[in-house]
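Every read-out reported here was derived from the displayed coordinates using simple, explicitly stated rules and does not represent laboratory data. Nothing here was measured: the structure is a model prediction, and the numbers come from that model. For neighbour counting, all protein chains shown are included, and Cβ atoms are generated from backbone atoms with ideal geometry for every residue, glycine included.
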Amino acid sequence: MDWMWLGNEAFHERKDDIMEQIQDAPKALFLGCSDSKLRPDVIFQADVGTTTSHFNLGNQFSSQDYSSASAINYAIQELKVKHIVVVGHYGCKSVEKSIDQLSKTKSAAIQKWLQPMADLYSRSKRFEIRRLRVLRKGSDLKSTADATPSGLRALVEENVKASVQNLQNEIKTLLGENAYNKEVELYGHGIVIDEETGDVKDLNVSFGPPGKDVVEMPFDKVPKARMHIPFGKFQSRKKKVSPTPMDGVQATFSTSDSA
């Protein structure tokens, strides 16, 4: 534990400078995953105090979860954040557990919390996920192994989209419809971090207040999402299959850089 005390000593040496930097209210709330190795503010190199965060397994939002609902409500009402960014990450252990080991875990709390991701996996129409479901039912272990990384990456992305959709659906309930329409300027976004490369992918599912143009995140622009094309023997009948549509979620980020 010596590293903690050494770190605290180093903080004291910089405390005055740091406290001077965090006088302004944060611009954004990150809803991230407890399993992630890299914090979103580190990925974006955000200045100290310009962001706040809330983490849970699988970066999920549900109005039934009082922890995330209260954290988001507080960030909006008291801290006046204008952006909520749902942050997923490839290689998410929570996503992996939700499709394979959920019934084996001894924790009823974890089982219940990850169940929405298991349900998403079982009903998703996205090509990579459907392919993985079909292969997992068969006996071709090599094809299944080849399809797993692509399927898991797709499920990570769809899980972020689901949280953004849930957030959008519940904002009016959390804040009151009149407050959201007239008093609160709030925007939601969904991104995924590749922790191996440090790349950030915008999933293009941002939303904003009714009647207003969606405002971009207060960070450097990130590439738009492209479908992760799997490899293997499986041949789809269609040349291209788009991700599952998210009704009511608007697109944003006019990014010209390559994804």
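Details
- Shown for His54, His12, His89, His189: other C-beta atoms within 10 Å of each C-beta, ranked fewest to most, produce the order His12, His54, His89, His189.
- When only the Cβ of Lys, Arg, Asp and Glu is charged (+1, +1, -1, -1), the dipole of the range 2-202 relative to its Cα centre reaches about 1380 debye.
- Relative contact order %, the range 2-202, counting alpha carbon pairs below 8 Å whose residues are six or more apart: 24 percent
- Global geometry of the range 39-106, whether rounded, prolate or oblate, following the gyration tensor of its Cα atoms and the 1.5 cut on a/c: oblate
- Inter-label distance, nm, simple model (7 Å from Cα along the C-beta direction), Glu13/Arg123: 5.5 nm
- Entries in Lys37/Lys212; Lys97/Lys172; Lys106/Lys172; Lys27/Lys125; Lys97/Lys201; Lys15/Lys201 that, when Cα-Cα distance is taken, lie over 27 Å: Lys37/Lys212; Lys97/Lys172; Lys106/Lys172; Lys27/Lys125; Lys15/Lys201
- A simple spin-label model places the labels of Val48 and Leu79 1.7 nm from each other, with each point 7 Å out along Cα-to-Cβ.
- Around Gly58: net Lys/Arg minus Asp/Glu count, Cβ-Cβ under 11 Å: 0
- DSSP bridge orientation in the range 2-202 - percent antiparallel, rounded to nearest 5: 15 percent
- Note on the range 108-148 and the range 62-82: Cα centroid distance 31 Å, given to the nearest whole angstrom.
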